[in-house]
Amino acid sequence: MRTLYVATHPEATHHVEGVVGGWHDSQLTRAGVRAAVSIAQALRAQIPDGAVVELFSSDLQRTLRTAEEVAELFGVKPVLDRRLREKSYGEAEGRPQEWLDRRFIPPPAVGERMDHDEGVQGAETKASWAQRIYAAMDEILRKPCEHQIIVTHGGSLTCIVASWIKMPIESAGYASFRAPSGSITTLREDNFFHNRQVVSLGDTRHLDPAKTG
């Protein structure tokens, strides 16, 4: 039985400053750091003591800081992988969100969506974004470890889940698996049918003291 826990980083400075994230290397806010502690504690509560755990993380500061909290509780070192980064928004990164909103060209309802040009210089297409996430996932899932944790970004979660369920990249143009910042998504593959299940998507109960006790 393989279980994959995918944590999206919590509140970062680009959220509160109203600027575009992407590859802009923002940091966790104080609230984000507190949420990262809660993420680590929630994961520790779900994974049996003594189980071998592998931890993978995007190399940006906001995900690395989150992964460090997880690493401390599990006594492991995070494997940093830039392929797990958020989508790159090119020249829009670090600029006010409204700057991007004025220039952004949304994909068509019908037609080419994966290679669609969003009108922002240097921005990744969804195809190139998905290709690097799928490649990272292929490498992670070649490892036999039964408990794996990935710390990534809210947008990249879509590509991770699409890869997990073996959705062909060319079919992912309409895919969107949305999850709040600081959430945990649990994915599981059984040993008999080898079916891949989305057990929970974007769970944030660990961030609410009233629900976690």
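The values are calculated or read from the model by the stated rules, or taken from the named source; none is laboratory data. Note that the coordinates shown come from a computational prediction; the quantities given were computed from them, not determined experimentally. Every residue, glycine among them, receives a Cβ derived from its backbone with ideal geometry; neighbour counts consider all protein chains shown. Keep in mind that these areas ignore ligands, DNA and RNA; they rest on the heavy atoms of the full protein, side chains included. Shrake-Rupley method; radii C 1.70, N 1.55, O 1.52, S 1.80 Å.
Here is how the numbers come out for the structure above:
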read-out	value
Elements of type strands (runs of 3 or more DSSP E) contained in region 112-213, each with 1 or more residues being polar (S, T, N, Q) and over 22 Å from GLU68 (Cβ atoms)	196-203
Region 170-195 residues that are free of Cβ contacts under 8 Å to residues at least 60 places away in the same chain, paired with ones that are open to solvent by 70 Å² or more (accessible area, probe 1.4 Å) and not β-branched (Val, Ile, Thr) (beta carbon under 6 Å, 6 or more apart)	none
Residue check for VAL33: surrounded by 14 or more Cβ atoms within 10 Å (Cβ to Cβ), part of a loop (DSSP other than H, G, I, E, B) and aliphatic (A, V, I, L, M)	no
Breaking point among (1) farther than 21 Å from ILE150 by Cβ; (2) in contact (Cβ under 8 Å) with a residue 12 or more places away in the chain, for ALA109	(2)
Positions within region 38-54 being open to solvent by less than 50 Å² (accessible area, probe 1.4 Å) and hydrophobic (A, V, I, L, M, F, W, C), in sequence order	ILE39, ALA40, ALA42, LEU43, ILE47, ALA51, VAL53
Region 116-140, residues that are in contact with a strand residue (DSSP E or B) (Cβ under 9 Å, 6 or more places away or on another chain) and more than 19 Å from ASP59 (Cα to Cα)	ASP117, GLU118, VAL120, GLY122
Considering residues of region 67-97 that are small (Gly, Ala, Ser) and not in a helix (DSSP H, G or I) only, the residue least open to solvent (accessible area, probe 1.4 Å)	SER88
